[in-house]
Amino acid sequence: MNMVTQEQTTARPLSLSIRNRRALWERRLWKGLIVVILSVGAFIMSLPFIWLVISSFKPLEKIFIFPPEWIPNPFRPQNYVEALVYKPFGLYLFNTMKIVVLNLVAVILTASFCGYGFARIRFPGRDFWFALVLATLMIPYFVLMVPQFIMFSRLGWIDTFYPLTVPLFFGGGAFNIFLFRQFFRSLPEELADAGRIDGCSEFGIYWRIMMPLSKPALATVAIFTFLAAWNDYIGPLLYLRSDYNFTVAIGLATFRSVMRTEWNLLMAASTAMILPVIVLFFLAQRYFVEGIVLSGLKG
Amino acid sequence: MTTTTTTSITPHWTHRFWPRSLAARRAVTGYIFISPFILGFLIWFLIPAGVALWLTVHDWNLISPPKYVGAKHLTTMWEDERFWKSLTVTTTYTLISVPISLVLGFVLALLLNTKIWGISFFRTAYYLPSIVPAVANAVLWAWIFNTEYGLANVALGMFGLPKIAWLQRPEWALPALIIVSLWGFGSGMVIYLAGLQGIPQVFYEAAEIDGAGRWAKLRHITIPLVSPVIFFNLIIGIIGSFQVFTIARLVTNGGPQNATLVYVLYMYQNAFQNLKMGYAAALAWVLFVIVVVLTLFVFKYIGSRVHYEDVR
């Protein structure tokens, strides 16, 4: 936008040459074209969401009509109540939040701790261990799925939350270590030096100086940790057996296998599961982007 | 503390094992800091990897005692039709879904990197699908691909096309899953976008002075400078799509006629439905080797064409 107006004002005092005017029009046309393409694309991308929400408010007899009605009539919000009461989704939510909270504590404490070590302390072997962090980041989870399952069943941890929470207390996942390391590297060393002069130990510097400064990284990591726990399907599928231990994700999956054709209720339950994620996105958009930038591409 | 303040700030019990030289002290501190990772690596990584190796040469159903079988699992695999099928399905899925998401993500990131009114709305619209929880995503798309009343066939009907039994016909089930995966292309797109925004504007200004047009700027500035990001997305895409599981399990559960029997699903069935722990571990190792070889191949042949420049 800036460039266009600049060009206008600088070109005008001269002859307002045809060349400039043409460039201006070309630019406008180009932008118009981009808007059109983006609008069409955005509409296609949002169609599944629209379909989801519309279906979730329809009564069952209106679900099975072809071609479908685009405005639910009668409008039926009771679908949500029925879907969320049919299975104990309140309990599932409580279970999920238990896992989420434990994961948050684990990741925020141990990933930042390790990340600080990798970012700020020079010691022999550091590069080797950091390469290992990156390597574990690249290794697909399924490779260790079976042996880990056997380990956990030997420990008697099947149908408990331990397999979904305890491992995170050991470093909190390679991705999070990496994220914290990137963040701590961007903080000025002078702060740590000031702490050292005042007699602060390295642990004090980490806990009293660096951690209070890393709220953006903490927020980012917290968001991704929440999403991972909220969305996780395979973990609860393998390790949770009893209905009273289920998470929201596994609850929705079993709800699906019970309700073969009540698509309106299924859509209501799905909407209820998606909604927190979308709300979180709108509340914390900045940290989503920060996480992507931090993780991706700064050295 | 109160009695020792005159001599030292650290409590005196540390003197016994806290090393004196600065370098040694730093090393100890460093290792204390990364100790959670080291422990975690040993317990949740190295030991399971060893167990997996041990499993590949054993027959074990978790109940009766394990039996040593040598390389039997590998020969079984060689003759296992469903193994080859699952490998083909996963490879096809990867070969189609990864390049399309790569191109879509890049093109959309280019378009979204312009300054127009409402751009943040557009960015959100393209990104949101990629954060939808996998289970909810699967339930939603199972409904969209419903033959009689689903959105997909409604859309086809608008163009006067006949209905497709997406999830019942072997030839359409895999394309349906690929469409689902494409809906989530926004996760790669934002990474491109971050990369595009990191390109210094001076490069474009310099090129404009030299008379470069849109195409020339794209070809000679944008693409080379974001090529590390393209490469990153390619690697992540390949690794990710070899692990696809949730959608295949919940939407089609591998059917019809194994048309969507992706590799991890087949592994899961072996381990947790047939309780063939040894065979499943062998399958995991084989896929791991395939992914590693593929990644190295990509690094060698495509990685060498990536343009690295420290723009900071």
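Remark: segment A:132-197 is approximated by an ellipsoid whose semi-axes, taken from the C-alpha gyration tensor as √(5λ), come to 35, 15, 8 Å, largest first.
Dividing the Cα convex hull volume of segment A:191-283 by residue count, how many Å³ per residue is that?
Per residue, the Cα convex hull of segment A:191-283 comes to 124 Å³.
Loop-only trypsin sites (Lys or Arg not before Pro) in segment B:101-177, please: DSSP not H, G, I, E or B, and at most 10 other Cβ atoms within 10 Å. Intermediate results must be reported in sequence, preceding the final value.
Numbers: sites: B:LYS115, B:ARG123, B:LYS163; in loops: B:LYS115, B:LYS163.
Qualifying residues, ordered by number: B:LYS115.
Sorting B:ASP80, A:ASP243 from the fewest to the most surrounding beta carbons within 10 angstrom yields A:ASP243, B:ASP80. Helices in chain B, meaning DSSP H runs of at least 4 residues, each add -39500 (n - 2.57). Divided by all residues, the mean residue ellipticity at 222 nm is -19000 deg cm²/dmol.
For chain A, the membrane-span-like helices by this rule, meaning whole DSSP H stretches whose C-alpha atoms cover at least 30 Å of axis and whose Kyte-Doolittle mean is 0.0 or above, are A:18-56; this says nothing about an actual membrane. Computed from the C-beta positions of B:SER35 and A:VAL258, the FRET efficiency with R₀ = 35 Å rounds to 0.15. Once both labels are positioned 7 Å from their Cα atoms along Cα-to-Cβ, the gap between A:TRP30 and A:LEU155 label points is 5.7 nm.
Put the Cα centre of segment B:92-110 next to the Cα centre of segment A:170-200 and the gap is 36 Å. Here the sum of -39500 (n - 2.57) over DSSP H runs of 4 or more residues, divided by the residues of chain A, equals -21500 deg cm²/dmol at 222 nm, to the nearest 500. When the Cα positions of B:ILE209, B:GLY118, B:VAL190 are compared along the charge dipole of segment B:73-305, B:ILE209 comes out farthest toward the positive end, with charges on each C-beta of Lys, Arg, Asp and Glu. For chain B, hydrophobic long helices are taken as DSSP H runs at least 24 Å long by C-alpha position along their axis with mean Kyte-Doolittle hydropathy of 0.0 or more; these are B:22-41, B:81-112, B:223-241, B:277-301. Distance between the 7 Å Cα→Cβ label points at A:GLU82 and B:ILE119: 4.6 nm. Between A:ARG196, A:ARG181, A:ARG256, the GNM of chain A built on Cα springs shorter than 10 angstrom shows A:ARG196 fluctuating the most.
Note on B:TYR68/A:ASN20: beta-carbon distance plugged into 1/(1 + (r/R0)^6) with R0 of 56 Å gives a FRET efficiency of 0.10. log10 I(q)/I(0), Debye, Cα-only the protein assembly as shown, no solvent, q = 0.06, 0.09 Å⁻¹? Log10 of I(q)/I(0), two decimals: -0.39, -0.85. Taking each of A:LYS58/B:LYS163; A:LYS62/A:LYS87; A:LYS98/A:LYS215; A:LYS31/B:LYS217; B:LYS276/B:LYS300; B:LYS115/B:LYS217 in turn, the alpha-carbon distance tops 27 angstrom for B:LYS276/B:LYS300.
A short reminder: the numbers here are calculations on the coordinates, not readings from a lab. Just so you know, these numbers come straight off a predicted model, no measurement behind them. So basically every Cβ, Gly included, is an ideal-geometry build from the backbone, and we count neighbours across all protein chains shown.
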